[in-house]
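Data block below; observations after.
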Amino acid sequence: MLVNNPFSILAGSISPIFMQSFVILMGLLIVIGTLMDIIHKKNVKYFFNNAKKAKKSATKSLTTGERISVISKTIASDIATTSELGAGKRRLAHVMGMYGTILFWVASVVMIFFYSNPSSITPAAWPVIWHIGALMTVLGGSWFWFFLRVDVYSEAHPWYRIIKADLFVLALVSSSFFGLVWSFLQSANLQGRWDDKVFLVFFIVSNLVLFGGVYWSKFAHMFYKPGAALQKNLAEADGSRDNLPPEADAPEQFGLGIKREEPKHY
Ligand code: HEM
C-alpha cells in the first residue's frame, strides 16, 4: 500500500483530467474563501492600517540586512516551528499536523498531475510521502482535537462536543484518514467489492468540506499567522512595538505570570 500511487490505480476508472480539475477547483475554493473572509472581517485592511500607523513611531529605520535577518528568523522560528505555541505538546501536535498536511498536499499534487496515468511509473518516494503525510496529519490533528483543544483541555467539555470552530481540524483529519483507508482498500484489491468506492466518496466529500469551508473555518490562519508574526517581529526590531508602551527602564522580570500554573480553572 505504502508504495502504491492511489491516483494511478483510480485512473483505471476515472480520467486523470477529472482528478486534475478537482485539485484546481480546491485551489480556487481556497482563494475565494480567503478573499471572502478578508472582505468580511476587514482584517487585512486593519492589519495594514495598523502597520502604517505603527511605522510612524519607529525609533530606527532597518537596513536591508536587518530586515532580511528578521524575516529569516520569523520563517525559521515563528512559521517553520510554530514558536508561538511555546515548548510542549501543543506545539509538537501542531508541527506534526502542519508538516503532515504539507507533505500530503504536495505529494497529492505531484501524483495527480504527473503520475496519474495508468501507464505512468510513479517513483516510490511520492506514495510513501503521501501516506506518511496523511498519517502525521491524522495523529497530530487527533492529538490536538481529542486532548489539547482548549474546550477539552481547560474547560472540561467532553471530547465529543463539536462546535463550528472544529470544522477545520475535523475536515483536515477526516480527509487524511479517509484517504488512507481508501488507499488501503484499493490496494487490497478486493475484487467485486464496493468498500474502496465508499471511502473514495468520503475522501472527496471531506475535501469539499475542508476547501469549501474556508470562509467559515480556521483554514486561513495558515496565511494570517505568518503575516502577523512577521509584522510583530519587524515592529519589535524598528522600535515601533505596534504602538504599545515603551519597554520599562528595568530588566524584564515579571515573574511567571500565566506560566505560574496550568490554565485549568473549572
Ligand atoms: C499547512 C499549514 C497549517 C496547518 C495544516 C495547520 C493546522 C492547524 C490546526 C488543525 C489547528 C487547530 C485549529 C483549531 O483550533 O481547531 C491549528 C491551530 C493553530 N495554528 Fe496552525 N496550521 C498550519 C499553519 C500554521 C502556521 C504557519 C502557524 C503560525 C505561523 C500556525 C499557528 C497556529 C496556532 C497559533 C494555532 C492555535 C493552536 C491552539 O489553539 O493551541 N499554523 N493549526
Can you tell me the length gained on complete extension of the stretch Val150 to Phe47, counting 0.36 nm per residue apart and subtracting the Cα distance? 34.5 nm
One checks the Cα atoms of region 118-266 and finds Rg and Dmax, in Å, of 22.1, 76
For region 28-73, what ratio Rg/Rh do Cα atoms give with a Kirkwood hydrodynamic radius? 1.17
Just how large is the dipole of the chain about the Cα centre, in debye to the nearest 20, putting +1 at every Lys and Arg Cβ and -1 at every Asp and Glu Cβ? 540 debye
With the convex hull built on the Cα atoms of region 1-118, state its orientation-averaged projected area in nm². 11.7 nm²
Across Gly86, Gly179, Gly133, the residue with the highest GNM fluctuation in the chain (Cα network, 10 Å cutoff) is Gly86
Report the extension gain between Ala124 and Val106 in nm, rounded to one decimal, defined as 0.36 nm multiplied by the number of residues separating them, less their alpha carbon distance. 5.0 nm
If amide hydrogens are placed 1.01 Å from N in the peptide plane, which non-local residues have theirs closer than 5 Å to the one on Thr82? none
As a footprinting exposure proxy, order Arg193, Arg91 by other Cβ within 10 Å, with the fewest listed first. Arg193, Arg91
Name all residues of region 137-170 having a backbone nitrogen under 19 Å from the label point set 7 Å from the Cα of Thr81 along its Cα→Cβ direction, giving them as ranges. none
Could you list log10 I(q)/I(0) for region 1-66 at q = 0.28 Å⁻¹, which the Debye formula gives when each Cα is one point scatterer? -1.10
What translational diffusion coefficient, to the nearest whole µm²/s, does the chain have by Stokes-Einstein, given a Kirkwood radius computed over alpha-carbon pairs, a temperature of 10 °C and 1.306 mPa s viscosity? 75 µm²/s
Ranked on Cβ counts within 10 Å of their own Cβ, fewest leading, Arg260, Arg149 go Arg260, Arg149
In terms of the charge dipole of the chain, which places +1 on Lys and Arg and -1 on Asp and Glu at the beta carbon, the residue among Val128, Ser83, Ser8 farthest towards the positive end is Ser83
Please check: in the Gaussian network model of the chain (C-alpha springs, under 10 Å), which one of Gln191, Gln231, Gln253 has the largest mean-square fluctuation. Gln253
Loop sites in region 184-253: GluC sites (Glu not before Pro), DSSP, at most 11 other Cβ within 10 Å: Glu247, Glu252
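Values in this text are rule-based calculations from the coordinates and carry no lab data. Computed from a prediction, not measured in an experiment: that's the story for all the values here. We place every Cβ from the backbone using ideal geometry, glycine too, and count neighbours over all the protein chains shown.
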